[in-house]
Amino acid sequence: MNIKVLGTGCKKCKTLEENVRTALSSTGKEANVEKVEDVQQIIAYGVMSTPALVIDGKVVSKGKVLKPKDIEKLI
């Protein structure tokens, strides 16, 4: 599983990345977690509001910080 956290490095983006790692730890699942801060790459996903979460190439959330429990449901 590939998970990308899209964001320019703001506090919300960092919190989302931490929540992704917490969710993975809670579920015991393994994934490659990548932080994408390049604006051109973020726009390529059609995302205009960050933070955003991409799982296996599909944008599953944008513009909000998901809680670990919400992320667990997506993974």
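Each reported figure results from applying straightforward, stated rules to the coordinates on display, with no laboratory input. All values reported here derive from a predicted model rather than from experimental measurement. With ideal geometry, Cβ positions are generated from the backbone for all residues, glycine too; neighbour counts draw on all protein chains shown.
Quick rundown of the values:
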item: Expected 222 nm ellipticity per residue - DSSP helices of 4 or more, -39500 (n - 2.57), all of the chain, to 500; result: -11500 deg cm²/dmol
item: log10 of Debye I(q)/I(0), alpha-carbon scatterers only, for the chain at 0.19 Å⁻¹; result: -0.66
item: For the chain, size of Cβ-based charge dipole, Lys and Arg +1, Asp and Glu -1, in debye; result: 300 debye
item: Relative contact order, percent, the chain [alpha-carbon distance under 8 Å, six or more residues apart]; result: 42 percent
item: Rounded to whole Hz, the Karplus (6.51, -1.76, 1.60) HN-Hα couplings of the stretch 35-40, x for glycine and proline; result: 9, 10, 10, 6, 4, 5
item: For the stretch 14-30, Karplus couplings with θ = phi - 60° (6.51, -1.76, 1.60), whole Hz, Gly/Pro x; result: 5, 5, 4, 4, 4, 5, 4, 5, 5, 5, 5, 4, 5, 8, x, 7, 10
item: Candidates L24, L16, L53, ranked by Gaussian network fluctuation over the chain, Cα under 10 Å, top entry; result: L24
